[in-house]
Each structure stands twice: as structure tokens, then as C-alpha cells.
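Bear in mind these aren't lab numbers, they're just calculated from the coordinates by the rules spelled out. Note that the structure is predicted; figures quoted are calculated from it, not measured. Don't worry about glycine lacking a Cβ; one is built from the backbone with ideal geometry, like all the others, and counts go over all protein chains shown.
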Amino acid sequence: MSISTVFAEPNSRNRQVLRDIIRAIDLPVQFGGGLRSTRDVEQVIELGVTRAVVGTVAAESIEKLKTMIRYARQHLVVGIDAKQGQVVTHGWEKEEALSAVTLARRVAEIGIERIVYTDVLRDGILEGPNIEQTCMIARESGLQVTASGGVPSLEDLRQLKLFSPCGIDGVIVGKAPYEHRFTLEAALSAMT
């Protein structure tokens, strides 16, 4: 299990919250949002982050991503956010002329081992994850994929678990527990 949070400026309130979370819990912490340089990645790893998630940089500069890999391969995860199969970057504000599948293949070729895949049209609306697209990303890239976006129920978690043979081996849930649709304990139980 891991915890994800949003990143802002290096000395921001979010950075302090990250420090506090890492000190307060004994769980792996996954951190992403706004990590666009090797130094950004270094700083969060130095704080104790287990996985640093980069997205925009992966879509915009494979060379920068290669530099990050040299420093932090075992900690680096690529977040692929997509809208109708096309990559979106900069907090979902910019649509790239790049498909999610193409980006997944590219990052696999240079040594990334894990993707967090988010269908942005489903994120936060609790209408179910895009299992078909997530599985396709896993199959086409050959990478392990963490599904993200739209998980409303324990049944959806059970469905995702059925697709582990295609490469989906994790899931991020956000809104559902806050809306008391299920507890973390029930979610963990459904996934074991």
C-alpha cells in the first residue's frame, strides 16, 4: 500500500505536509504532481518517498526522463493521464499529440518499470475505472500498471484484481473512502 499526495513548490506547504506524513507513518509513500526536474525527484526521495511519480516530463522530454532514471530508477514511476486515449499534461490542462499507449511503450523502452494510469474523464466521479484501457496499457507496454480514476465500490476493486494477469497490480482510491462508500480495511480485504 502507498499514499499519494500532490506536489507543489519545493518549500511549499505541500512539501511540509509530505515531511509530516513520512515522519508520522510507517508506510511507503508515493508522491507526484509537478515533479519536473531531477532535483525535484531527488528532493522528495531524500525526504523518504518510496515512489516519485512524474508525468508531464515523460510526455515532453524523454531525455529528461532518462536523466531521472539514471538517478532514481528504483523510485521512479511514470504517471500517464489520458483523456479518450490521448495524453494530457500540466494538471490535465494540455492535450498532447501523443497516445497513452505510445507513451507507455516509450517509457518502457528506456527502463521505466511502472506506470500509474489515470483516465481523467473518470477520476473523481465514481463511475468505475476504465479497466479495458488500463489493461491495454499494461499489455502493450509490458509494464506493471497501477489503475487510477473512478473507483466507487469494492466490486470495482474485485474486478481490477481479476485483471492482474494483464499487468494491473495496484489501484489508487481517493474519493470513495472519503464519501464512506467503503473503508480502507474493506478495500485491503477485497484486494487480498
If r is the Cβ-Cβ distance from residue 121 to residue 26 and R0 is 30 Å, what FRET efficiency results, to the nearest 0.05?
0.25
Under 18 Å from a label point 7 Å along Cα→Cβ of residue 39: give me every residue in region 13-30 with its amide N that close.
13, 15-16
In nm, what is the difference between 0.36 nm times the number of residues separating residue 164 and residue 61 and their Cα-Cα distance?
34.1 nm
Compute the relative contact order of the chain as a whole-number percentage, counting only Cα pairs closer than 8 Å that sit 6 or more residues apart in sequence.
13
Work out from phi, with θ = phi - 60° and the Karplus expression 6.51 cos²θ - 1.76 cosθ + 1.60, the ³J(HN,Hα) of each residue of region 73-79, listed in order in whole Hz, and give x for Gly and Pro.
3, 6, 9, 8, 10, 9, x
Using a 7 Å offset from the Cα along the Cα-to-Cβ direction at both residue 132 and residue 70, what is the distance between the two label points in nm, to one decimal?
4.3
Across region 161-168, in residue order, what do the Karplus-derived ³J(HN,Hα) couplings come to in whole Hz, using 6.51 cos²θ - 1.76 cosθ + 1.60 with θ = phi - 60° and x for Gly and Pro?
4, 5, 9, 4, x, 7, x, 7
Count of lysine pairs, region 13-191, Cα-Cα under 25 Å, sep. 8 or more residues or interchain, comes to 8
Obtain the nm distance between the two label points defined at residue 189 and residue 109 by a simple spin-label model: each point lies 7 Å from its Cα along the Cα-to-C-beta direction.
4.7
For n ≥ 4 DSSP H runs only, could you compute -39500 (n - 2.57) per run for the chain, divide by its residues and tell me the 222 nm figure to the nearest 500?
-11500 deg cm²/dmol
Springs between alpha-carbon pairs under 10 angstrom, Gaussian network model over the chain: which of 129, 152, 177 fluctuates most?
177
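Suppose we take every Cα in region 13-191 and form the convex hull; what volume per residue is that in Å³?
Residue-normalised Cα hull volume stands at 117 Å³.
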Within region 23-110, DSSP-loop GluC sites (Glu not before Pro) with at most 14 other C-beta atoms within 10 Å are 93
Placing unit charges on C-beta atoms (Lys and Arg positive, Asp and Glu negative, everything else neutral), compute the dipole magnitude of the chain about its Cα centre in debye, rounded to 20.
400
GNM, the chain, Cα, under 10 Å: largest mean-square fluctuation among 153, 99, 61?
61
Listed residues 24, 72, 100; largest mean-square fluctuation, Gaussian network over the chain with Cα springs below 10 Å, found at 24
